[in-house]
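A short worksheet on the structure shown next.
The values are calculated or read from the model by the stated rules, or taken from the named source; none is laboratory data. Values in this document were obtained by computation on a predicted structure and should not be read as measured data. Virtual Cβ from ideal backbone geometry, glycine too; neighbours counted across all protein chains shown.
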Amino acid sequence: MNSNTKDQWLYTISSKKKLIDLNLNEIWHYRDLLFLFVKRDVITVYKQTVLGPLWYLIQPLFTSVIFTLVFNNLGNINTGGVPPFLFNLAGITAWNYFKECLTKTSNTFVANKNIFGKVYFPRAIMPLSITISNLLKFGIQLAIFLFFYGYYAFQGMEVSFSNYWFLFPFYVLIMALLGLGLGMIISSMTTKYRDLTVMINFAIQLLMYLSAVPYPLAEAKSKFPPTVALIVEYNPLTQVIEGFRNIVLNSGTFSWYGFLYTLIISILLFLIGLIIFNKTEKSFIDTV
């Protein structure tokens with residue numbers, strides 16, 4: 001045997017990485033593990049609950065009813081001719097997917113420190129699996145929205161999809177990238193600052209009201225102080241919610257500038273989050 005022949009390794013695990021390393025090749029090698037985690041998330045979340053997946057339906061329905069009573073009936077929020085309940089259900093359906101992606105991925109390192117300390121695999125697999133598995137919940141909530149959409153159409157209400165319906169998958173992708181990117185950044189920070197895990201639940205509620213979920217952007221521009229209205233308008237999530245409503249209800253505002261602006265921000269935020277996440281995974285076990 002030639003002594004100069006070097007062993008050919010399938011994988012090399014090392015803490016030495018480039019300054020900017022997305023680690024996408026390694027994530028692809030572990031794609032089978034990714035799908036196993038997705039399956040685990042789908043099966044175990046409501047495995048020991050009484051109502052099971054029905055919670056996917058109860059939460060958006062009750063929230064939509066409360067929003068309709070408070071914001072539309074008491075607050076006189078104008079929904080532009082769209083049935084208020086359907087208007088709120090559309091916004092909540094889109095918002096819930098982003099919120100679930102953000103909140104579940106923002107605690108990745110702390111929640112999985114035991115498994116991370118025992119076996120090696122690309123840590124980004126875990127938040128990716130959460131984002132993909134949440135698509136099932138989003139799909140169920142979208143189905144219940146379409147059910148009420150059909151009901152209102154049958155009742156003679158003027159509801160229709162807009163000409164931008166083909167952008168629907170892009171808006172889902174944008175919500176996933178925004179939730180995943182922010183979640184990975186926050187998860188990396190929680191390895192040192194545990195207060196963020198408490199603060200995130202409070203901050204997500206405030207963010208919802210700054211993202212035009214319970215009201216249209218036009219109402220924010222007409223009733224909010226100029227500074228607040230500007231913050232709401234240029235909030236990427238506002239553009240997502242407004243764009244989603246425009247697609248499914250042909251209501252609200254849509255602009256290619258807002259769409260491209262949000263798409264670029266979501267991609268940049270995801271890349272920044274992935275870089276920070278991959279950098280943190282090398283030393284997080286010493287601090288969690």
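Could you list, in sequence order, the residues of segment 178-212 that are in contact with a Cys (Cβ under 7 Å, 6 or more places away or on another chain) and over 18 Å from I241 (Cα atoms)?
Applying the first criterion (in contact with a Cys (Cβ under 7 Å, 6 or more places away or on another chain)) to segment 178-212 yields 179-180, 183.
Selection gives G183 alone.
Where helices (runs of 4 or more DSSP H) sit wholly within segment 152-261, those with at least 1 residues that are among the hydroxyl-bearing types (S, T, Y) and without any contact (Cβ under 8 Å) to a residue 12 or more places away in the chain occupy 195-209, 217-223, 226-233. Of P225, P214, all but one fail to be more than 17 Å from the chain's Cα centre (by Cα), under 21 Å from N96 (Cβ atoms) and of a type outside the set (D, E); the exception is P214.
Quick grid of which residues meet (1) under 22 Å from V198 (Cα atoms); (2) in contact (Cβ under 8 Å) with a residue 24 or more places away in the chain; (3) assigned to a helix (DSSP H, G or I):
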{"residue": "F67", "(1), (2), (3)": "no, yes, yes"}
{"residue": "L86", "(1), (2), (3)": "no, yes, yes"}
{"residue": "L89", "(1), (2), (3)": "no, yes, yes"}
{"residue": "N96", "(1), (2), (3)": "yes, yes, yes"}
{"residue": "N114", "(1), (2), (3)": "yes, no, yes"}
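Would you call I247 of a type in the set (V, I, T), touching a helix residue (DSSP H, G or I) at 6+ places or on another chain (Cβ under 7 Å), within 30 Å of A153 (Cβ to Cβ) and modelled with pLDDT of 90 or more? Taking the combined requirement at face value, the residue satisfies it. Can you tell me which residue in segment 162-181 is farthest from L86 (Cα to Cα), limited to those that are surrounded by 14 or more Cβ atoms within 10 Å (Cβ to Cβ) and more than 20 Å from the chain's Cα centre (by Cα)? This residue is Y164. Checking each residue in segment 69-84 for being under 22 Å from G156 (Cα atoms), over 25 Å from the mean Cα position of the chain (by Cα) and part of a helix (DSSP H, G or I) picks out N72, N73.
So that you can scan it fast, the table gives a plain yes or no per residue for (1) surrounded by 20 or more Cβ atoms within 10 Å (Cβ to Cβ); (2) among the small types (G, A, S); (3) within 30 Å of L249 (Cβ to Cβ):
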| position | (1), (2), (3) |
| --- | --- |
| G81 | no, yes, yes |
| W95 | yes, no, yes |
| F98 | yes, no, yes |
| T103 | no, no, yes |
| F109 | yes, no, no |
| V119 | no, no, no |
| I132 | no, no, yes |
| F138 | yes, no, yes |
